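Here is the structure we will look at, set down as structure tokens.
What follows draws every value from the coordinates through simple rules; no lab data is involved. Values in this document were obtained by computation on a predicted structure and should not be read as measured data. Glycine also receives a Cβ, built like all others from the backbone with ideal geometry; neighbour counts cover every protein chain displayed.
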Amino acid sequence: MIDVRRQQESKAETDSIGFAFNTTLLKEAELWMRAHRDFLASVESMMTDWLQRQRAAFDAANRSVQKICHSRNIIDVAQAQAEWVSDCLEWTASHVRAVGNDAAALTRKATERFGEAAHEGSSVLRQQSEALSTRTPAPLERAAAE
């Protein structure tokens, strides 16, 4: 009789630990899915901005080439080339700034998300372990009581 009761209590403890583990695992999977969603949304935004900058650079380069082709003297050609080089340097600086800002924002968002996840996960685990320890007495205490 005592052995049957111990086995039932042991199974209940194992089931509750398994439930706590499954709950924690599901929460972690959900956090990963949200993190991936945020990451892909950020990458999509970065790529859209990059494509817009590339389109603007292509249009400006096209205008510069047309200006060079329609130039009538060497001074106009040199001036158009100087403008084109200046635009190229400006676009490069713009690209570097944009990538740096996007990478910093992406890293900051990921760090915040995983910091919240770690805090939430530790508090859930703490609550579950406290619930388990207060709910079932230790096996030696049960045996002595019986």
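Here the label points at Asp59 and Trp32, each 7 Å from Cα along the C-beta direction, are separated by 4.3 nm in the simple model.
Take the Cα of Asn101, step 7 Å toward its Cβ, do the same at Leu40, and the gap between the two points is 2.6 nm.
Stretch Ile75-Trp50 to full length: gain in nm at 0.36 nm per residue minus the Cα-Cα span?
On the way: separation 25, 0.36 × 25 = 9.00 nm, distance 3.36 nm.
Full extension of this stretch gives 5.6 nm more.
Residue order for Val96, Val77, fewest other beta carbons within 10 angstrom first, comes to Val96, Val77.
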